[in-house]
1. Out of the residues in the range 52-98 meeting the condition of being part of a helix (DSSP H, G or I) and of a type in the set (Gly, Ala, Ser), tell me which one is farthest from ILE118 (Cα to Cα).
2. Restricting the search to the range 104-117, which residues are part of a strand (DSSP E or B) and of a type in the set (A, V, I, L, M)?
3. Out of the residues in the range 141-153 that are more than 19 Å from ASP120 (Cα to Cα) and part of a loop (DSSP other than H, G, I, E, B), state the one that is farthest from the chain's Cα centre (by Cα).
4. I'd like the full set of residues that are of a type in the set (Gly, Ala, Ser) and under 9 Å from ILE144 (Cα atoms), limited to the range 155-171.
5. Return only the number of the condition from (1) within 30 Å of SER115 (Cβ to Cβ); (2) modelled with pLDDT of 85 or more; (3) in a helix (DSSP H, G or I) that SER101 does not satisfy.
6. Identify, by number, the condition in (1) surrounded by 10 or more Cβ atoms within 10 Å (Cβ to Cβ); (2) at pLDDT 90 or above; (3) within 23 Å of the chain's Cα centre (by Cα) that ILE65 doesn't meet.
7. Just to be sure, is GLY160 within 21 Å of ALA104 (Cβ to Cβ), out of contact with any helix residue (DSSP H, G or I) (no Cβ under 6 Å at 6 or more places or on another chain), assigned to a loop (DSSP other than H, G, I, E, B) and modelled with pLDDT under 85?
8. So which residues in the range 15-51 are among the hydroxyl-bearing types (Ser, Thr, Tyr) and not in a loop (DSSP other than H, G, I, E, B)?
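The values are calculated or read from the model by the stated rules, or taken from the named source; none is laboratory data. Computed from a predicted structure; not experimentally measured. A quick note on method: Cβ atoms are made from the backbone with ideal geometry, for glycine too, and the neighbour counts reach across all protein chains shown.
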Amino acid sequence: MGTETFNYIDSLNTANPTSTDNVSEGDDHIRGIKTTLKNTFPSLDGAVNATDTELNYVDGVTSAIQTQLDAKSATATTVTKTSATGSGVLPAGTTAQRDGSPSAGYLRFNTTDTSAEIYDGSAWAAVGGGNSTDKGLYEHAHTISADYSITSGNNALTAGPITIDSGYSVTIPTGSTWVVA
């Protein structure tokens with residue numbers, strides 16, 4: 001058999017054994033391949049069932065995978081949780097810090113209004129609690145500058161005076177009432 005060093009997989013010579021090697025030298029070659037595999041995978045003590053695609057996911061991994069995942073998650077743009085039964089940590093910021101081009105379903109905590117808000121595809125709206133406040137007073141704008149429809153089956157109350165900008169309207173469905181006090 002041709003001279004070959006059995007250290008790691010990349011040191012194997014695919015030309016060996018040659019066709020002129022004695023058949024009796026085959027056992028040396030098989031032992032060499034076993035040595036190479038044991039040297040290359042010293043901690044492997046069971047079957048590996050990963051596909052080539054799955055193994056390629058770890059291409060370039062240079063340290064413990066969990067360490068790298070933890071580092072990624074610390075910089076990721078995901079909502080984290082405080083514990084398994086705790087709270088979700090929402091992005092928070094002022095009204096001026098809202099996303100420039102939000103999509104419907106975006107959720108955040110508005111520190112200016114001290115409330116959670118959601119983007120419905122056309123405007124930001126407070127989440128839950130309705131028109132409640134713990135400050136003794138509830139304030140609202142005195143100018144309506146977008147079309148507004150009172151939800152069917154609901155009533156609305158506005159402390160006047162109220163101005164509806166030109167080109168906009170408030171729709172009051174049948175059975176609903178809007179009181180301007």
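1. Let us first name the residues in the range 52-98 that are part of a helix (DSSP H, G or I), namely 52-56, 65-75, 95-97.
Subset that is of a type in the set (Gly, Ala, Ser): 71, 73-74, 96.
Numbers: ALA71: 29, SER73: 24, ALA74: 24, ALA96: 15 Å.
Step by step, filter the range 52-98, then rank; the result is ALA71.
2. LEU107, ALA116
3. HIS142
4. Within the range 155-171, just SER169 meets the criteria.
5. Among (1) within 30 Å of SER115 (Cβ to Cβ); (2) modelled with pLDDT of 85 or more; (3) in a helix (DSSP H, G or I), SER101 violates only (3).
6. Here ILE65 meets the rest and fails (2).
7. no
8. We begin by selecting, within the range 15-51, every residue among the hydroxyl-bearing types (Ser, Thr, Tyr); these are 18-20, 24, 35-36, 40, 43, 51.
Hits for the range 15-51 are SER24, THR35, THR36, THR40.
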